[in-house]
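I have placed the structure first, in the form of C-alpha coordinates, so that the comments after it can refer back to it.
The values are calculated or read from the model by the stated rules, or taken from the named source; none is laboratory data. Here the structure is a predicted model, which is why all the values come from computation and not from measurement. Note: areas computed on protein heavy atoms with side chains; ligands, DNA, RNA excluded. Shrake-Rupley method; radii C 1.70, N 1.55, O 1.52, S 1.80 Å.
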Amino acid sequence: MALLAEHNVTATPGRRVLEVYDANAYLGDEAAMDAAETQVVAGNGYHLYLLSLQPDMEVQMTIRIWDTPPTPPAEAEGHTDVSVESETGILVVGQLDRGPADEITLPCPGVYEGHAWWQNRQAAADYYNTTLDQLTDDSPEDQLTEAWNNCPVTERYVLDLACTRELDPVDEDDL
(Lines give C-alpha, C1' and ligand atoms only; values in the text may rest on other atoms or scores of the structure.)
Protein backbone atom coordinates (compact mmCIF):
# COMPACT_ATOMS: atom_id res chain seq x y z
CA MET A 1 0.00 0.00 0.00
CA ALA A 2 1.32 3.40 -0.99
CA LEU A 3 0.48 6.78 0.50
CA LEU A 4 -0.59 9.10 -2.34
CA ALA A 5 -1.40 12.28 -0.39
CA GLU A 6 -1.62 13.53 3.18
CA HIS A 7 -3.38 16.64 4.41
CA ASN A 8 -3.27 17.93 8.00
CA VAL A 9 -5.85 20.40 9.24
CA THR A 10 -6.27 22.04 12.62
CA ALA A 11 -9.93 22.72 13.40
CA THR A 12 -12.23 23.51 16.30
CA PRO A 13 -15.23 21.16 16.63
CA GLY A 14 -18.03 23.73 16.72
CA ARG A 15 -20.87 22.33 18.85
CA ARG A 16 -18.55 19.28 19.15
CA VAL A 17 -18.85 18.47 15.43
CA LEU A 18 -16.39 18.44 12.54
CA GLU A 19 -17.60 17.78 9.02
CA VAL A 20 -15.96 16.47 5.86
CA TYR A 21 -17.92 16.89 2.63
CA ASP A 22 -17.59 17.49 -1.09
CA ALA A 23 -17.34 21.18 -1.99
CA ASN A 24 -20.75 20.94 -3.75
CA ALA A 25 -22.53 18.99 -0.99
CA TYR A 26 -23.91 21.77 1.18
CA LEU A 27 -26.89 20.01 2.70
CA GLY A 28 -26.41 18.39 6.06
CA ASP A 29 -27.98 15.15 7.21
CA GLU A 30 -29.56 15.02 10.65
CA ALA A 31 -29.75 11.20 10.69
CA ALA A 32 -26.01 10.92 9.98
CA MET A 33 -25.24 13.50 12.65
CA ASP A 34 -27.39 11.56 15.14
CA ALA A 35 -25.54 8.35 14.19
CA ALA A 36 -22.22 10.08 15.01
CA GLU A 37 -23.47 10.43 18.61
CA THR A 38 -23.00 6.68 19.05
CA GLN A 39 -20.46 5.84 16.32
CA VAL A 40 -18.14 8.90 16.70
CA VAL A 41 -17.94 9.12 12.88
CA ALA A 42 -20.95 8.64 10.59
CA GLY A 43 -22.03 9.80 7.16
CA ASN A 44 -24.47 9.48 4.29
CA GLY A 45 -22.01 8.94 1.43
CA TYR A 46 -21.57 12.65 0.71
CA HIS A 47 -21.11 14.11 4.18
CA LEU A 48 -19.15 12.77 7.18
CA TYR A 49 -19.64 13.95 10.76
CA LEU A 50 -16.96 13.46 13.41
CA LEU A 51 -18.13 13.98 16.97
CA SER A 52 -15.75 15.32 19.60
CA LEU A 53 -16.55 15.30 23.31
CA GLN A 54 -15.62 18.99 23.66
CA PRO A 55 -16.48 22.12 21.62
CA ASP A 56 -13.66 24.60 22.19
CA MET A 57 -10.17 23.12 21.87
CA GLU A 58 -8.49 22.64 18.51
CA VAL A 59 -8.18 19.11 17.16
CA GLN A 60 -5.92 17.69 14.49
CA MET A 61 -7.53 16.09 11.45
CA THR A 62 -5.48 14.14 8.96
CA ILE A 63 -6.87 12.95 5.64
CA ARG A 64 -4.62 10.44 3.92
CA ILE A 65 -5.22 9.06 0.45
CA TRP A 66 -3.79 5.60 -0.23
CA ASP A 67 -3.86 3.17 -3.08
CA THR A 68 -5.24 0.75 -0.42
CA PRO A 69 -5.96 2.02 3.12
CA PRO A 70 -3.92 0.44 5.94
CA THR A 71 -5.53 -1.11 8.99
CA PRO A 72 -6.19 1.32 11.85
CA PRO A 73 -3.29 1.37 14.31
CA ALA A 74 -3.50 -0.63 17.53
CA GLU A 75 -3.20 2.57 19.60
CA ALA A 76 -6.39 4.04 18.10
CA GLU A 77 -9.19 4.58 20.65
CA GLY A 78 -11.69 3.49 18.04
CA HIS A 79 -12.33 3.23 14.32
CA THR A 80 -15.14 2.77 11.82
CA ASP A 81 -15.52 2.24 8.07
CA VAL A 82 -16.37 5.34 6.04
CA SER A 83 -17.23 6.34 2.50
CA VAL A 84 -17.47 9.76 0.88
CA GLU A 85 -18.27 10.66 -2.72
CA SER A 86 -16.59 13.73 -4.17
CA GLU A 87 -17.83 14.91 -7.55
CA THR A 88 -15.58 17.99 -7.47
CA GLY A 89 -12.42 16.33 -6.16
CA ILE A 90 -12.38 18.88 -3.33
CA LEU A 91 -13.24 17.99 0.26
CA VAL A 92 -14.11 20.67 2.80
CA VAL A 93 -13.23 20.23 6.48
CA GLY A 94 -15.92 22.17 8.30
CA GLN A 95 -16.31 23.39 11.86
CA LEU A 96 -20.06 23.11 12.33
CA ASP A 97 -20.81 26.61 13.67
CA ARG A 98 -17.53 28.26 12.66
CA GLY A 99 -17.33 27.64 8.93
CA PRO A 100 -14.72 25.82 6.84
CA ALA A 101 -11.31 25.12 8.37
CA ASP A 102 -9.73 24.09 5.07
CA GLU A 103 -10.27 22.56 1.63
CA ILE A 104 -8.39 19.53 0.41
CA THR A 105 -7.82 18.68 -3.24
CA LEU A 106 -8.09 14.95 -3.90
CA PRO A 107 -6.11 13.19 -6.64
CA CYS A 108 -9.35 12.87 -8.63
CA PRO A 109 -13.13 13.03 -8.23
CA GLY A 110 -14.66 9.71 -7.19
CA VAL A 111 -15.88 7.53 -4.38
CA TYR A 112 -13.40 7.25 -1.52
CA GLU A 113 -13.68 4.43 0.98
CA GLY A 114 -11.65 3.39 3.98
CA HIS A 115 -11.86 4.06 7.68
CA ALA A 116 -11.75 6.78 10.28
CA TRP A 117 -9.89 6.36 13.54
CA TRP A 118 -9.22 8.61 16.50
CA GLN A 119 -6.87 9.15 19.43
CA ASN A 120 -7.03 11.18 22.66
CA ARG A 121 -10.72 11.94 22.27
CA GLN A 122 -11.53 10.95 25.86
CA ALA A 123 -8.33 12.44 27.33
CA ALA A 124 -9.07 15.82 25.72
CA ALA A 125 -12.64 15.71 27.05
CA ASP A 126 -11.39 14.86 30.55
CA TYR A 127 -8.95 17.79 30.44
CA TYR A 128 -11.72 20.07 29.16
CA ASN A 129 -14.16 19.08 31.91
CA THR A 130 -11.53 19.25 34.67
CA THR A 131 -10.51 22.73 33.51
CA LEU A 132 -14.13 23.94 33.57
CA ASP A 133 -14.61 22.44 37.06
CA GLN A 134 -11.58 24.38 38.36
CA LEU A 135 -12.84 27.78 37.20
CA THR A 136 -13.96 30.22 39.87
CA ASP A 137 -15.62 33.61 39.73
CA ASP A 138 -12.17 35.10 40.43
CA SER A 139 -10.44 33.28 37.55
CA PRO A 140 -8.70 35.61 35.06
CA GLU A 141 -10.60 36.18 31.83
CA ASP A 142 -7.89 34.63 29.66
CA GLN A 143 -7.52 31.48 31.79
CA LEU A 144 -9.76 29.38 29.53
CA THR A 145 -8.01 30.44 26.34
CA GLU A 146 -4.67 29.67 27.92
CA ALA A 147 -5.92 26.29 29.16
CA TRP A 148 -7.31 25.33 25.73
CA ASN A 149 -4.02 26.32 24.08
CA ASN A 150 -2.02 24.26 26.60
CA CYS A 151 -3.93 20.98 26.56
CA PRO A 152 -1.41 18.21 27.30
CA VAL A 153 -2.88 15.88 24.64
CA THR A 154 -3.84 16.38 21.01
CA GLU A 155 -7.25 15.08 20.04
CA ARG A 156 -6.75 13.54 16.60
CA TYR A 157 -8.97 12.14 13.86
CA VAL A 158 -7.59 10.36 10.80
CA LEU A 159 -9.38 9.42 7.60
CA ASP A 160 -7.48 6.75 5.66
CA LEU A 161 -9.15 6.61 2.25
CA ALA A 162 -8.65 5.13 -1.20
CA CYS A 163 -10.47 5.98 -4.41
CA THR A 164 -12.53 2.86 -5.10
CA ARG A 165 -14.23 4.05 -8.25
CA GLU A 166 -14.54 7.01 -10.53
CA LEU A 167 -17.90 8.72 -10.83
CA ASP A 168 -20.24 7.81 -13.64
CA PRO A 169 -20.42 10.58 -16.25
CA VAL A 170 -23.54 12.73 -15.94
CA ASP A 171 -25.83 12.44 -18.95
CA GLU A 172 -26.68 15.98 -19.96
CA ASP A 173 -30.17 14.81 -20.96
CA ASP A 174 -30.81 14.00 -17.28
CA LEU A 175 -30.11 17.59 -16.19
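Brief remarks follow.
- Cα-based helix-to-principal-axis angle, 121-134 vs the chain, degrees rounded to 10: 30 degrees
- Only Cα pairs under 8 Å and 6+ residues apart enter the sum, and on that basis the relative contact order of the chain stands at 28 percent.
- Where the stretch 51-140 is the region considered: accessible area per residue in Å², 1.4 Å probe: 47 Å²
- When the convex hull of its Cα atoms is viewed from all sides, the chain shows a mean projected area of 11.2 nm².
- Angle in degrees between helix 30-39 and the longest Cα principal axis of the chain, rounded to the nearest 10: 60 degrees
- Rounded percent of accessible protein surface that carbon and sulfur make up, the chain, 1.4 Å probe: 44 percent
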